[in-house]
Each structure stands twice: as C-alpha cells, then as structure tokens.
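Quick notes on the structure that follows.
The values are calculated or read from the model by the stated rules, or taken from the named source; none is laboratory data. All figures in this text were calculated on a predicted structure; none of them were measured in a lab. As a convention, Cβ positions derive from the backbone with ideal geometry for all residues, glycine included, and neighbour counts pool all protein chains shown.
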Amino acid sequence: MKKSILLIIVYTAFIQLSIAQSQKIVVPGGAVDPYHYTIEKSKVYTNAAVACAHPLASTIGAEIMKQGGNAFDAAIAVQLALAVVYTNAGNIGGGGFLVAKQANGKTITIDYRETAPKKASRDMYLDEKGNALTDLSLFGHKSCGVPGTVAGLFATLPYAALPFKTLIQPAIDLAEFGYSITEGEASSLNATRKSFEENSTAPTALVKKGEWKAGDTLVQRELAETLKRIQDKGAKGFYEGKTADLIVAEMKKQDGLISKKDLKNYTAKIRSALEFRYKDYTVISMAPPSSGGIILCQLMKIMETKPVASYGFQNVKSVQLMVEAERRAFADRSVYMGDPDFWKVPVKTLTSDTYIQNRMADFDSTRATPSTGIKAGNINESEETTHISIIDKEGNMVSITTTLNNSYGSRTVVFGAGFLLNDEMDDFSIKPGVPNMYGAIGGEANAIHPGKRMLSSMTPTLVLDKNMNPLIIAGTPGGTTIPTSVFQTLINILEFGMNASEAINKPKFHHQWLPDEVMVEKEFDQETIKQLRAMGYTVTERGQIGRMEVIRILPDGRREVAADPRGDDAVNGF
Ligand code: GLY
C-alpha cells in the first residue's frame, strides 16, 4: 500500500495546521482531494454505489470498490473515514450493527453494540433518594459504554478482499493531514464547544481558538496515531496496549468505569438476522439487542393487511393507521426488548402474524387510541447515529448503522488518543418509567447489568424482491425515530411507488407510544395535521427526523442511490 504523498506539512502541537490545498488522500489507484469536494445527493450507477453522511467517506468507499474491493471492504473504509470526517457520529469509540447479504445468498449480521462496563450497576444513575441523574448517563466519563466499533470492523474483515492496512490508510491520512469542514460541521462544532470543554479533561482538536467556519482544515493528529496503532496491531491496537492505557487513564481522571479487562474482553457477536416476509418481498433487518428489526416487522405486517396505497400518501387515513401501528410497537419495545444474552426476548411471538394482527383489535379509524389504554401486548420488549448503505458490482449488499448515541457522544475525547467516547449507557433504562434522551421508557428487560448491551433502535435493513434478488438497502440515524423512518421510507417505495430520493425527501412523522403525541417535520401537510387533531391526536412540529441513505436496485440492475437532504450526506459510485 502506497502511503500518502504529501508535499508540505506544517504542524505544531499548539496551533491548528495550515496545509497546502493541493494535497490528496491516496486510496489504491486514485486520489481524493479532502479540501475540495462537492455533495451529490442522488444518482444512478451501473456497478456500485455508496450513500453515507459525508461526501469524502462515500468517495473513499466508491474508490475502494473501483480498485477491486467489495462492499465489505468499502464498509470498513467508509466507517473509518467517517470516524474522522463525521465527528459527531462516525466513530471508533462507539458501536453499531451490520446487516449484509452476500451475492452468494449468505446473510450476515454483526452486533458490535457497546456493553456496560463490569463495574456498572443497575442503579448507578440514581441518587440516594432514588431520583434519576440523567445528565450522568448522557455526558462525560460515566456515560460511556465499552466501545464495539473496532471489533466490528475486524469481524467484517473476513468478508473483505483487500488488506486492512489499505482500508484504514485513507482515514489515517484524513486525520493526519486534515480536511475542509462544511458549514454544517463548523456550526455544529461551535455549538458543542462548551460541552467539549466541560467533558474533556484536556484541549481537543475539535475545539479551535475562535469560531470554526466552513472551509477550515480540521486536523486530528492524535486520532491519526491511534488509527496507525490499529493499522499495525489490528484490534489489539485499540483494545490493548497504548490505546487501552489511554482510555483507562482518561476514565480514571473522572468517574469513568471502563477498565482494561472490559476492553480486552469485548467481542463483536454474529447474530441471526431478523427476517420476515412483506407481501412478495423479503425484509432482512437487525435482531435484538436492537429493537429496530422487530418494530419494523410489526409495522410492515400491520400494513400488509390494509390497502394503504389506496388511502393515499400522507392522507389522514394512511397516517392514522401508521401512527396507531407505531404506538403499539413502541409499547412492546418498552417491556419486552433488551439484550438477548441477558433477557429472553420473545422474538417469535412479537413477530408472529397472529400476535401482530391482535394488537390492532382495538384500532378505531375515527379517533386516536390514547396510550394510557395501550399496554404492551399480552404474551403467554441530538439523535446522532449514522448510516451507510453500499452495494458492489457483484451484488453484495451492506447496511450499517453505527453510533456514539448523542451528537459527539459523551463529549469526552480520550486524551492522547484523539477520539470521542460514546454516551450509550443512556440507552439503558436507568430507572423504570424515566424516559431516556429519546423519551423512550423501559423496564427490567433493558435494566443495566455488567457486560450487557443496551437496547438500540438501529435498523440497518435490506429488502429482496420476489426472486430473492437485491431491491433496497436502507437505514438512518435518529434514535427511536429510526424504525419509523425506515418503515415510512419502505412504504413510500413499495406502496406509493416512489424512487429512492422521493421516498427520503418526503416529510416524516413519528409516534412512540409515550409521549402520546404525533411528531411531524415542519413540511408535513397542514390539512392532514388538522384532521388528525380533529380525531383527538396531539400533533407537535419538531426538527428534522432521520437522515436516510437508500439504494434501490432498478429492474435493469442499475443502482439508484440517494442521500438524505437533511445533512451533508452524499452518494458516490461508478
Ligand atoms: N443510540 C441510538 C440507538 O442505538 O438506538
């Protein structure tokens, strides 16, 4: 692997790097200019396509595939690139899920969700009176779960074709020599400045003297050194040795719990996919410890028995049905879903046709069903995360959602290692009935326990057509809005006949049982809102919901790829 050919580097530990604007990040056989790039939102490619949260990362993914890498190579290189250029959610200090279908028909799902440290305990976020201390699970050292991303990358490697050293080099170069930040990134870094200063114990590359502005170069030299240790030593370059020492030293500076043993013992897990039929289609998504696949299955199966297309797109009839389905699925989430290694999740029942259709027995098409009247079914479970959709020329499909939880996670940068740690502990139910950052309520199934994975909503998803050929790759960030966003996007394509970019550009709505309200994006149809209110629904406008990345395979085999307009998300391919 050729190393980057950088001509001029001026660096001191105390000043931001100023770098010649002609440098390139070298990927095998090609060069990517990290200082001049454009954002492509949607395109049709013949061979391979990537959609993700940053144009530099999608370009690197496409270049890797042009040079003989497959979708798994691209998945590794894109995640590592996002760990550098999409600092608020791309990560090596967080975790995620991969759902893939190889061209040979094999399904692969990898769980690299964070775990609670060994020293974690059920009531660790309660004060002596039993009140929940929600800031502690959201910010700073104590909010961090044991990171899973690097283990996930190495669990993906057996399916890749190129050496890991090649796949990580673009990320190292981006961190070492910097890249131009976008306007969105500049304002997000400026807005989080105070929180970085409060939760990091030393100055970090993410805080600049003065305000960040679009076009500034962000250099992350310590992160580059950490990535080089991973390049040289593999997963041990993160979970053992110097990086582990730095993480544990950072933990000790405050009241963080992650130990060397926690890091050494972390393992990614191969899970069975959550697979179900929707009409003639096969949908493949993530099983627990994500709630995403089960919720998506329940929502889609409720639609299966109704002529939703005939109701009309975002007509009050179709929206009401979808809202009531969402209400019931989230009630189940709060009781039945958690880490399957610690809690028996009744997956078979929750996804069975009979159970799901019974859940709608009290549905009334003329009025809202109050959430107080809905309990979990009776059985004898800054919204910053990021999604990557990839297909290669052979037809290998990869769908990955990965997260630090909150935007920039715990806001704690590991001193000397240059990366942000997650605040994923907030995804546990820190006290029954106390909502987490997303307003989600939980109980025993998702209580904190050492070594346990916190319940997720991430829903990396694939859809196959009736001949089991690739049809859709989809996913999004957005906390609890993730399964509902994936659901609405799939319905937009499969029922309302939209193409990928139409499907993701439409305004979204969301209901999660509690709070009992329909949240809608600003652009949502005002007439539908009026009619919902007349039926007894509380409808509240909120900020953007999700950032979908979708690839749709056209009948002639070409790949239509679309990145969400709600951020700097971009597509690339060839
Ligand atoms: N941290 C968001 C999720 O996993 O659902």
query = Got a sec? Which of ILE553, ILE472, ILE493 is touching a Pro at 6+ places or on another chain (Cβ under 7 Å), under 30 Å from ALA103 (Cβ atoms), away from the ligand (no atom under 16 Å from the Cβ) and at pLDDT 95 or above?
reply = ILE553
request  = Could you check, for the range 158-168, whether at least one of its residues is surrounded by fewer than 24 Cβ atoms within 10 Å (Cβ to Cβ), in contact with a Phe, Trp or Tyr (Cβ under 6 Å, 6 or more places away or on another chain) and either among the hydrophobic types (A, V, I, L, M, F, W, C) or at pLDDT 95 or above (or both)?
outcome  = yes
request  = Could you tell me whether any residue of the range 30-45 is at pLDDT 95 or above and among the acidic types (Asp, Glu)?
outcome  = yes
key: Identity of the residue in the range 116-137, out of contact with any His (no Cβ under 8 Å at 6 or more places or on another chain) and surrounded by 22 or more Cβ atoms within 10 Å (Cβ to Cβ), that ends up modelled with the highest pLDDT   = PRO117
ask   = Here is a list of conditions, (1) closer than 18 Å to GLY338 by Cβ; (2) in contact with a helix residue (DSSP H, G or I) (Cβ under 7 Å, 6 or more places away or on another chain); (3) aromatic (Phe, Trp, Tyr), and TYR438 meets all of them except one; can you say which number that is?
value = (2)
key: Subset of the range 408-423 (residues that are within 13 Å of the ligand (Cβ to nearest atom) and more than 18 Å from ASN190 (Cα to Cα))   = ASN422, ASP423
request  = Would you check which residues across the range 90-125 are out of contact with any strand residue (DSSP E or B) (no Cβ under 6 Å at 6 or more places or on another chain) and aliphatic (A, V, I, L, M) and list them?
outcome  = ILE92, ALA103, ALA116, ALA120, MET124
ask   = Looking at the range 39-69, which of the residues that are assigned to a helix (DSSP H, G or I) and polar (S, T, N, Q) is nearest to SER389 (Cα to Cα)?
value = SER58
query = With LEU167, LEU162, LEU133, LEU157 as the choices, which residue is touching a strand residue (DSSP E or B) at 6+ places or on another chain (Cβ under 8 Å) and on the phi < 0 side of the Ramachandran plot?
reply = LEU133
query = Which residues, taken from the range 446-478, are closer than 24 Å to SER143 by Cα and surrounded by 24 or more Cβ atoms within 10 Å (Cβ to Cβ)?
reply = ASN446, ARG453, MET454, LEU455, SER456, SER457, MET458, THR459, THR476, PRO477, GLY478
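Here's the yes/no breakdown for (1) surrounded by fewer than 17 Cβ atoms within 10 Å (Cβ to Cβ); (2) away from the ligand (no atom under 16 Å from the Cβ); (3) over 26 Å from ALA51 (Cβ atoms):
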{"site": "ILE374", "(1), (2), (3)": "no, yes, yes"}
{"site": "VAL398", "(1), (2), (3)": "no, yes, no"}
{"site": "THR403", "(1), (2), (3)": "no, no, no"}
{"site": "MET425", "(1), (2), (3)": "no, no, yes"}
key: Residues that are more than 16 Å from the ligand (Cβ to nearest atom) and at negative phi, drawn from the range 450-469   = PRO450, LEU462, VAL463, LEU464, ASP465, LYS466, ASN467, ASN469
request  = Might you let me know whether the range 174-193 holds any residue that is under 30 Å from ASN396 (Cα atoms) and either surrounded by fewer than 20 Cβ atoms within 10 Å (Cβ to Cβ) or not aromatic (Phe, Trp, Tyr) (or both)?
outcome  = yes
key: Candidates SER285, SER318, SER310, SER365 - the one that is within 26 Å of MET454 (Cα to Cα), among the hydroxyl-bearing types (Ser, Thr, Tyr) and either crowded, with 20+ Cβ neighbours inside 10 Å or out of contact with any Asp or Glu (no Cβ under 8 Å at 6 or more places or on another chain) (or both)   = SER285
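Within the range 291-307, count every residue that is surrounded by fewer than 20 Cβ atoms within 10 Å (Cβ to Cβ) and either of a type in the set (D, E, K, R) or in a helix (DSSP H, G or I) (or both). If you could, list the steps in order and put the result at the bottom.
Looking only at the range 291-307, we keep the residues that are surrounded by fewer than 20 Cβ atoms within 10 Å (Cβ to Cβ), and these are 304-307.
Those left that are additionally either of a type in the set (D, E, K, R) or in a helix (DSSP H, G or I) (or both): 304, 306.
Final tally of qualifying residues: 2.
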